[in-house]
Amino acid sequence: MKATNSISLKTQEELRILREAGRILSVIIKELKCSLTAGVTTKEVDAAAERLMKEYGVTAAFKGYRGFPGCVCVSVNEEVVHGIPGSRLLKEGDIVSLDVGIVHNDYYADTAVTVGIGNISAELQRLLDVTYQALYKGIEQVREDNHLSDISHAIQEFVESHHFSIVRDFVGHGIGRRLHEDPEIPNYGPPHNGPLLKEGMVLAIEPMVNAGVWQTRILEDGWTVVTQDGKPSAHFEHTVAVTARGPEILTRI
Ligand code: MG
């Protein structure tokens, strides 16, 4: 592992392990999405995640991270990220963000999706679509010699052009031997700033998009982030490698 400034550049062997980690994680999240139905508690989703991780021989990246009690984060409606699995029941019309991180052979992969439970309103569907597309607008900027903030800017511009707001208080991150490595990747800001992207960097890009204002607050449990105005929020994330051929999405489903 070499480094440019403080951003690690992965070797081919490290990338091979990260690819495996990403592939396993994509299978796990695909199966977990099927468990998201009305009448299920978020704790049951967490238990399903724990079973799947055991089955695939990987460990939960979030469990115990700074004391986080769950295997995965499950955030419903106005919850933005870091929802602690518990007794909350999923019901028809909800949107649920599922953020899953794993460790495979000492390397981390991180991904998130937001799905609707049963039929959801057209406005919620638009929120999901715009957030998903915003992630891909960011990923399109993952090319050698682009600046880091080209990712940030593309996401913000796309989200705001659809009259939603982009969360500022939480950002994406480098990933590899640790869950959170340099650089921080804001989902907002002017283009052409920050470090140049180089082959071997691996980035977790994760726009969080609010239907109302961008401001958030943290609940008394010390973890759950909710929108300040109580309006819904969506979150999508992929772990992406910078390659000479452009972005390689390691967690592609
Ligand atoms: Mg992440």
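The values are calculated or read from the model by the stated rules, or taken from the named source; none is laboratory data. From a predicted model like this one, the values you see are computed outputs, not experimental measurements. A quick note on method: Cβ atoms are made from the backbone with ideal geometry, for glycine too, and the neighbour counts reach across all protein chains shown. In case anyone asks, the SASA skips ligands and DNA or RNA and just uses the protein heavy atoms, side chains included. Shrake-Rupley method; radii C 1.70, N 1.55, O 1.52, S 1.80 Å.
Here is the figure for the stretch 14-37: residues that are farther than 16 Å from VAL240 by Cα and either touching a Pro at 6+ places or on another chain (Cβ under 6 Å) or open to solvent by 70 Å² or more (accessible area, probe 1.4 Å) (or both) total 4.
Taking the stretch 174-183 as the range and being assigned to a loop (DSSP other than H, G, I, E, B), in contact (Cβ under 8 Å) with a residue 60 or more places away in the chain and open to solvent by 60 Å² or more (accessible area, probe 1.4 Å) as the test, the residues that pass are ARG177, ARG178.
Taken together, HIS162, HIS192 contain a single residue that is open to solvent by 60 Å² or more (accessible area, probe 1.4 Å), away from the ligand (no atom under 14 Å from the Cβ) and farther than 25 Å from CYS73 by Cα, which is HIS192. I'm told ILE155 meets every condition in (1) within 16 Å of the ligand (Cβ to nearest atom); (2) touching a residue at least 12 places away in the same chain (Cβ under 8 Å); (3) within 30 Å of ASN105 (Cα to Cα) except one. Can you identify the failing condition by its number? Among (1) within 16 Å of the ligand (Cβ to nearest atom); (2) touching a residue at least 12 places away in the same chain (Cβ under 8 Å); (3) within 30 Å of ASN105 (Cα to Cα), the lone unmet condition for ILE155 is (3). Scanning the stretch 105-130 for residues being within 16 Å of the ligand (Cβ to nearest atom) and either at pLDDT below 95 or of a type outside the set (S, T, N, Q) (or both) gives a total of 6.
Here is the figure for the stretch 76-95: residues that are in contact (Cβ under 8 Å) with a residue 40 or more places away in the chain, in a strand (DSSP E or B), farther than 22 Å from GLY22 by Cβ and open to solvent by less than 10 Å² (accessible area, probe 1.4 Å) total 2.
Of all the listed residues (VAL171, VAL130), the sole one being touching a residue at least 12 places away in the same chain (Cβ under 8 Å), open to solvent by 10 Å² or more (accessible area, probe 1.4 Å) and among the hydrophobic types (A, V, I, L, M, F, W, C) is VAL171.
Check ILE28, ILE17 and return the single one that is within 17 Å of the chain's Cα centre (by Cα) and not in a strand (DSSP E or B). The match here is ILE28. Would a scan of the stretch 221-232 turn up a residue that is within 17 Å of the chain's Cα centre (by Cα), within 22 Å of ASN146 (Cβ to Cβ) and either among the aromatic types (Phe, Trp, Tyr) or modelled with pLDDT of 95 or more (or both)? No, the stretch 221-232 contains no residue that is within 17 Å of the chain's Cα centre (by Cα), within 22 Å of ASN146 (Cβ to Cβ) and either among the aromatic types (Phe, Trp, Tyr) or modelled with pLDDT of 95 or more (or both). Restricting the stretch 225-251 to residues that are assigned to a loop (DSSP other than H, G, I, E, B) and more than 16 Å from the ligand (Cβ to nearest atom), the residue that is surrounded by the most Cβ atoms within 10 Å (Cβ to Cβ) is PRO232. Considered as a group, the residues in the stretch 173-189 that are in contact with a Pro (Cβ under 8 Å, 6 or more places away or on another chain) and within 12 Å of the ligand (Cβ to nearest atom) include one that is farthest from VAL81 (Cα to Cα), and that residue is GLY174.
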